[in-house]
Amino acid sequence: MPADKLLITDPDTGSNVELPVISGSAGLPTVDIKKLPGALGYFTYDSGFAATAACRSSVTYIDGDEGILLYRGYPIEQLAEQSSFTEVAYLLMNGELPDASALEAFRQEIRYHTMIHESMKTFIGGFNYDAHPMAMMMGIVASMSAFYHDSLDIENPAHRRLAAVRMIAKMPTVAAACYRHSIGWPYAYPSNALGYASRLLHMMYSVPAEPYEVDPVAANALDLLFILHADHEQNASTSTVRLAGSTGANPYACIAAGCCALWGPAHGGANEAVLRMLNEIGSVENVPKFMERAKDKNDPFRLMGFGHRVYKNFDPRATIIRKTCHEVLEKMGISDPLLDLAMKLEEIALQDDYFVERKLYPNVDFYSGIIYKALNIPTNMFTVMFAIARTVGWVSQWLEQCETPETRIGRPRQVYTGDAARDYVPLTERA
Ligand code: SDX
């Protein structure tokens, strides 16, 4: 049973303070340090917040040592096997699985908001064709606060929910519009007769000239990938959404901030980076050379899709995606040498002391790009796919924060390493 308080003593003065220990429903007991500066005159330092809880949350639980991921208590393996992305979105937002009528009502609510304001197309049209789709998406999501004034009041629960549903519903439409703009195709309107993933594929690939049938294998694979990417505790982009939300920023601005943070190659941009890395490695013969580069501290190259701040065991999502890779490629009759290369790379890395000692395993991004590629999704759209799915986690965590009375503006401190106070020197007197 963990202690309910920790006694901290300053050895120089002999002063001490009892710090309360907070225990959640799972995970490590957590020391509440807010009294420390006032009692003993010390701050704490935790670069990258590796050992710091920033909030209380009941949305998602991760056990990095055991490779466990729960959405509102439900294991990701069971949701991947039995649920749908829309149902998982309902679960993450509301905390419970819906009954049939609630699920259908939620589906209808999403369908009702899939279109974007026609003026947004002018905005999208203003980008050059070769703009990165994430660059377009970031701008378009932030611009939603310029269009949807009926959902900006974060003190109004109805406004908050409307904004959350709008973003879940519109992200696929925005994503498809960015893609169509980049290839010079006319925008396609959402077809509300289709399911969530099918609707996206239809908006991306249908052409006015002829009917387009969505491949159910592709739609099911995409729906599964969306489930696996929906939420992940307090990762960098979700923490960005929460920090923006703690200032009272409107929901569209908060989700746009999440998109910006997600784009980094150390985070959601890794799936695109993995494909580029596999193409750069090219063949199994080249793997040893790249493994050496990944271990060389003077070389910025890292094995993209490997390692995780929390998982020091297999990322359960990677295990599911690896299995799905084989299934999808087989069903679609595709033989992708990049999958063979990825499998070989994983095999070699997991036998290498450097990776074993550092507990670097494949993460969610290592295999996902191979499935996206099989669905003809261009590499520069991979992070956009991640953003569509993670919007559910972002809005769920943002709603939870808005409804948490103890929420205060996030404002970390620092260890100051600059100059002590000094007097200004007029220009004429400077050396
Ligand atoms: C996601 O947080 C989340 O939950 C994120 C995510 C989500 O769903 O939201 O799971 C999604 O972002 C997955 C991660 C995708 N990123 C990548 O695949 C990029 C490659 N991975 C690394 O950049 C890295 O592993 C991180 C960013 C994922 C984790 O970084 P940490 O926790 O800060 O680890 P670290 O950089 O301190 O690494 C520890 C050691 C270091 O070596 P030493 O200094 O101990 O000698 O491991 C090495 C690192 O150099 N290392 C790697 C490596 N990852 C870590 N070496 C080579 N290749 C790698 N990929």
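The values are calculated or read from the model by the stated rules, or taken from the named source; none is laboratory data. Owing to the predicted nature of the structure, the values given are computational and were not obtained by experimental measurement. Cβ atoms come from the backbone with ideal geometry, glycine included; neighbour counts cover every protein chain shown.
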Check your understanding: Got at least one residue in the range 39-47 being of a type in the set (Gly, Ala, Ser), within 16 Å of the ligand (Cβ to nearest atom) and not assigned by TED's automatic domain parsing to the domain that holds Pro172?
Key -> yes
Practice item. Being aromatic (Phe, Trp, Tyr), within 21 Å of the chain's Cα centre (by Cα) and within 16 Å of the ligand (Cβ to nearest atom) narrows it down to one of Phe290, Phe314, Phe301, Phe355, so name that one. Key: Phe314
Check your understanding: Just a yes or no: is a residue in the range 58-77 at pLDDT 95 or above, surrounded by 16 or more Cβ atoms within 10 Å (Cβ to Cβ) and within 21 Å of Tyr252 (Cα to Cα)?
Key -> yes
**Study point:** Matching option when the condition is buried (at least 17 other Cβ atoms within 10 Å of the Cβ), at negative phi, over 16 Å from the mean Cα position of the chain (by Cα) and within 12 Å of the ligand (Cβ to nearest atom), among Leu329, Leu345, Leu375, Leu339
**Key:** Leu345
Check your understanding: Regarding Arg408, is this residue surrounded by 24 or more Cβ atoms within 10 Å (Cβ to Cβ) and among the charged types (D, E, K, R)?
Key -> no
**Study point:** Set Ile22, Ile8, Ile68: member being of a type in the set (A, V, I, L, M, F, W, C) and under 20 Å from the mean Cα position of the chain (by Cα)
**Key:** Ile68
Review point. Conditions: (1) under 13 Å from the mean Cα position of the chain (by Cα); (2) within 11 Å of the ligand (Cβ to nearest atom). Val274 meets all but one. Number of the miss?
Key: (1)
Point to revise | Every residue from the range 186-195 that is surrounded by 13 or more Cβ atoms within 10 Å (Cβ to Cβ) and under 16 Å from Ile116 (Cβ atoms) | key: Tyr187, Ala188, Tyr189, Pro190, Ser191, Asn192
Review point. Using beta carbons and a limit of 7 Å, which pairs, at least six apart or on different chains, have the first residue in the range 290-315 and over 11 Å from Ala270 (Cα atoms) and among the acidic types (Asp, Glu) and the second one part of a helix (DSSP H, G or I) and near the ligand (Cβ under 6 Å from one of its atoms)?
Key: Asp315/Val364
Practice item. Scan the range 379-402 and give yes if some residue there is part of a loop (DSSP other than H, G, I, E, B) and either touching a Ser or Thr at 6+ places or on another chain (Cβ under 8 Å) or within 16 Å of the ligand (Cβ to nearest atom) (or both), otherwise no. Key: no
Review point. Which condition does Leu350 not pass, out of (1) in contact with a helix residue (DSSP H, G or I) (Cβ under 9 Å, 6 or more places away or on another chain); (2) surrounded by 15 or more Cβ atoms within 10 Å (Cβ to Cβ), if it passes all the others?
Key: (2)
Check your understanding: Hey, any hits in the range 180-200 for a residue that's of a type in the set (S, T, N, Q) and at pLDDT below 95?
Key -> yes
Practice item. Restricting attention to the range 193-228, report how many residues are under 26 Å from the mean Cα position of the chain (by Cα) and polar (S, T, N, Q). Key: 2
Study note, to complete from the structure: Across (1) free of Cβ contacts under 8 Å to residues at least 24 places away in the same chain; (2) within 16 Å of the ligand (Cβ to nearest atom); (3) within 17 Å of Ala89 (Cβ to Cβ), Thr240 clears everything bar (3)
Check your understanding: Among the residues of the range 359-367, is there at least one that is more than 8 Å from the ligand (Cβ to nearest atom), more than 25 Å from Ile62 (Cα to Cα) and more than 19 Å from the chain's Cα centre (by Cα)?
Key -> no
